[in-house]
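As structure tokens, the structure follows; a few thoughts come after it.
Read the figures in this text as sums done on the coordinates, not as results from a lab. Computed from a prediction, not measured in an experiment: that's the story for all the values here. Here the Cβ is made from the backbone with ideal geometry for all residues, glycine too, and neighbour counts use every protein chain on show.
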């Protein structure tokens, strides 16, 4: 499960994203209630290894779905952070955080989940990450 490493590396390397959300605003799993907004959380939703014919290849192709949830103190701020996440992560490939990434691609945007009384505006953005995962070959 290399998806989290890839997403975090892409976000931390993107200056426009970091101008909106500082590094300490990037959280694993969920955004704590005590977090300063805006903030994001990342989570792995699913991982599928693509089958091979021989099953003895030195690396398997893996598809991992990642969800990035954004929380901000206003609707426009939420949309700005979502756009920054998209620009930081979508259509990336190459060696990222030590992972041989074939591609990172947009997989959908979730619904607006806003609480105007609490001034917390949330929405999620999903990506599929396809990467090569080394495996042990049978003796």
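At 222 nm, what helix-only mean residue ellipticity would the chain give, in deg cm²/dmol to the nearest 500, using -39500 (n - 2.57) for each DSSP H run of four or more?
On the way: 3 runs with 31 residues, N = 139.
Calculated mean residue ellipticity at 222 nm is -6500 deg cm²/dmol.
Tell me, what is the Rg over Rh of the stretch 1-56, with Rh the Kirkwood radius over Cα pairs?
Details: Rg = 15.3 Å, Rh = 13.2 Å.
Rg/Rh for the stretch 1-56 comes to 1.16.
How do 65, 91 rank when sorted from fewest to most other Cβ atoms within 10 Å of their own Cβ?
Details: 65 17, 91 10.
Arranged by neighbour count, lowest to highest, 65, 91 become 91, 65.
Determine, for 24, 90, the number of other Cβ atoms within 10 Å of each Cβ, and report the residues in order from fewest to most.
Values: 24 9, 90 15.
Taking fewest neighbouring Cβ atoms as first place, the list is 24, 90.
Please report the projected area of the chain's Cα convex hull averaged over all directions, in nm². List each step's numbers first, then the result.
Details: hull surface 35.5 nm².
Mean projected area for the chain: 8.9 nm², to one decimal.
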